[in-house]
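Chemist: This is the structure I have questions about; it appears just below.
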Amino acid sequence: MIFHTFTIWDFSLLLGRLCIIAVVMVHVLLTKRDVGASIGWIGVTVLMPLTGGILYSMFGINRVHRRARRMVGQHPWRSRTMSSHWRREEEGDFAPLASMVSKLTSRPLLSGNSITPMHDGDTVYPRMLEAINGAQHSVLICSYIFRADSIGHQFCAALTAAHERGAQVRVLVDGVGSGYFNCGVGRILRRAGVPVGRFMHSMLPWRMPFINMRDHKKILVVDGRIGFMGGLNIGEENIAASHPRHLVSDTHFEIQGPVVHQLSEAFARDWAFTRGEELKADIFFPAQVGNGSILSRIVTAGPDLDLEKIEYTMLQAFTLARHSIRIMTPYFLPDDRFLTELALASLRGIEVDIVVPWHSNHTLLDWARSANLPRFLDSGCRIWLARPPFNHSKLMVVDRHWSFVGSSNLDVRSLRLNFEINLESYDDTLATSIDGFIAMHRHVRLTHHDLDRRSFPRKLRDAAARLLLPYL
């Protein structure tokens, strides 16, 4: 009788495992675009049905994409941006790129903008706080990391003061980056009555199926007319004057002109997704006036309807390069498509310079990067190491005319899983300025010899870390 009971239980367990494997396999085959990821998920589930099924339900199903489809067409800001009389067309060598991005993003290229590069928190934070303190109607702010340290408290005080004098303030922070268990700024601002959203956050594990999808954007829009965006989070580690243990340098941009409308739109989409509130009022989308001469456009990307749009924009720009491609990024672990386009550009005589930190703030990423770089060196790309402090800037310039800046890193996680925002601009002066900043950080050129000098254990370690490239 005992043997018979065990057999029934064993059969039920086997049947359950087979059902899990079948369900995961069918879902993977019907929904996954990446062959490697498909094979990986099926393999993990076959080897460990229960564990694999749980992991796939948490990390493998893109529920965000389904929810985004339901939200399409519900928002009023899209038509407002599309009807702007500031729309222009790029002429010359980069016209095909501008046309492609228009179709890709459904956002027009807008003229009449001024874009000012700023470096490091010592310079950027005072300007951002000044703008918030001068807000009369609205403040929209989004940050992946928003620490409750001394500078974080200054931002909280400024946001609270703006709220108390009647401005409509909305604060969006990432559910993991700004503290999963303890979000200090969220607590401070809620006490003051300021509306705060935590992107894809829940303390209940079964309601947290998006833990691998983060909102990495950094946005500030004041009165719908002054915008800030780039790579700078809010934290003391970005302020040299505070003498942090691990100083982080970064680049941010102050923007004025019609393209600020698109910056507000990007925030409004994430706010509606997180809090369910549509920001319809004119105070968030006032009529824009020209403030410069730069042609510019916002490009967003994420695992929703914006999937891979930032990467597609970069790849198209590489194909149009005639002279130079300059890249500065804190993390450099792109996929094979990115490698192929850069390699082809280098092989046809384009100067390709890639600047990465000597050491980043993620050791595992540095290990994987070391194993990934020889393929770029083989094609003639020049790899440069920037000396400390660690620079977190994300900058790209092609032919000293087209620039692409923002929050997106050059790794698979940032390009596929994170919600990111970049700004493309067609302007010689701005592009030359950014190109010069990148050139200033070409401190030490990395060669094949440098990589070959690594010991065998280090090479083995780095190669093993590279296998985690899709998940880093």
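The values are calculated or read from the model by the stated rules, or taken from the named source; none is laboratory data. Because the structure is a prediction, the values reported are computed rather than measured. Because the Cβ atoms are built from the backbone with ideal geometry, glycine has one as well, and the counts that use them run over all protein chains shown. Ligands, DNA and RNA are excluded from the accessible area calculation, which covers all protein heavy atoms including side chains. Shrake-Rupley method; radii C 1.70, N 1.55, O 1.52, S 1.80 Å.
Chemist: State, to one decimal in nm, how far the label point of Asp93 lies from the label point of Trp358, with both points 7 Å from Cα in the Cβ direction.
Modeler: 3.4 nm
Chemist: Within the chain, count lysine pairs with alpha carbon atoms under 18 angstrom apart where the residues are 8 or more positions apart or belong to different chains.
Modeler: Lysine pairs satisfying the spacing and distance rule in the chain number 7.
Chemist: Could you order Lys32, Lys309, Lys218 by accessible surface area, starting with the largest, using a probe radius of 1.4 Å?
Modeler: Listed by decreasing accessible area, they come as Lys32, Lys309, Lys218.
Chemist: Asn113's amide H: which non-local residues (gap 5+, or another chain) put their own amide H closer than 5 Å, with H modeled 1.01 Å from N in plane and none for Pro or chain starts?
Modeler: Asn291, Gly292, Ser293, Ile294
Chemist: How high is the relative contact order of the stretch 250-380? Use alpha-carbon pairs under 8 Å, at least six apart in sequence, and give a whole percent.
Modeler: Reported as a whole number, the value is 19 percent.
Chemist: How many angstrom lie between the Cα centre of the stretch 441-472 and the Cα centre of the stretch 343-396?
Modeler: Here the answer is 11 Å between Cα centres.
Chemist: Shape of the stretch 120-201 from its Cα gyration tensor (a ≥ b ≥ c, root eigenvalues): rounded if a/c is under 1.5, otherwise prolate when a/b > b/c, or oblate?
Modeler: Cα axes put the stretch 120-201 in the oblate bin.
Chemist: Can I ask one more? Over the stretch 358-467, what is the relative contact order in whole percent, taking alpha-carbon pairs under 8 Å and six or more residues apart?
Modeler: In percent, rounded to a whole number, it is 38.
Chemist: Evaluate the distance, in nm, between pseudo-label points positioned 7 Å from the Cα of Val444 and of Ser114 along their respective Cα→Cβ axes.
Modeler: Computed distance between label sites Val444 and Ser114 equals 4.1 nm.
Chemist: Can you list the HN-Hα couplings for the stretch 137-145, worked out from phi with the Karplus curve (6.51, -1.76, 1.60; θ = phi - 60°), rounded to whole Hz and with x for Gly and Pro?
Modeler: Per-residue couplings from phi come out as 10, 7, 9, 10, 9, 9, 8, 5, 10 Hz.
Chemist: Compute the distance in nm between two label points, each set 7 Å from the Cα along the Cα-to-Cβ direction, one at Asp378 and one at Ala281.
Modeler: Rounded to a tenth, the inter-label distance reads 5.8 nm.
Chemist: Over the stretch 351-410, calculate the relative contact order: mean separation of alpha carbon pairs under 8 Å at least 6 apart, over the residue count, as a percent.
Modeler: The normalised contact order for the stretch 351-410 reaches 38 percent.
Chemist: Stretch Met25-Ile8 to full length: gain in nm at 0.36 nm per residue minus the Cα-Cα span?
Modeler: 3.6 nm
Chemist: Okay, moving on. Do any trypsin sites (Lys or Arg not before Pro) in the stretch 399-464 lie in a loop, going by DSSP, with at most 16 other beta-carbon atoms within 10 Å of their beta carbon, and if so which?
Modeler: Arg453, Arg454
Chemist: Once whole DSSP H runs in the chain are found, which of them have Cα atoms spread over 30 Å or more along the helix axis and a mean Kyte-Doolittle score of at least -0.5?
Modeler: Length and hydropathy pass: 2-31.
Chemist: Amide H neighbours of Val139 under 5 Å, counting only residues 5+ apart in sequence or on other chains, H built in-plane at 1.01 Å?
Modeler: Counting only residues 5 or more places away or on other chains, the set is Gln168, Val169, Arg170, Asp223.
Chemist: So how much accessible area does Asp366 have, in Å² to the nearest 10, using a 1.4 Å probe?
Modeler: 20 Å²
Chemist: If a/c stays under 1.5 just call it rounded; otherwise compare a/b with b/c (prolate if a/b is bigger, oblate if not). Do that for the stretch 127-284, with a ≥ b ≥ c from the square roots of the Cα gyration tensor eigenvalues.
Modeler: rounded
Chemist: Using the beta-carbon distance between Gln136 and Ala157 and R0 = 22 Å, what value does 1/(1 + (r/R0)^6) give for FRET efficiency, to the nearest 0.05?
Modeler: Plugging the Cβ-Cβ distance into 1/(1 + (r/R0)^6) gives 0.80.
Chemist: How much length would be gained if the chain were fully extended between Arg245 and Leu50, taking 0.36 nm per residue of separation minus their Cα-Cα distance, in nm to one decimal?
Modeler: Additional length available on full extension: 65.9 nm.
Chemist: Could you give each residue of the stretch 226-241 its phi-based ³J(HN,Hα) in whole Hz, using Karplus coefficients 6.51, -1.76, 1.60 with θ = phi - 60°, and x for Gly or Pro?
Modeler: Listing the rounded values in order: 10, x, 9, 7, x, x, 7, 7, 10, x, 4, 5, 8, 10, 4, 5 Hz.
Chemist: Residues with amide H under 5 Å of Asp411's amide H, sequence separation 5 or more or different chain, H placed in the peptide plane at 1.01 Å from N; which?
Modeler: Leu333
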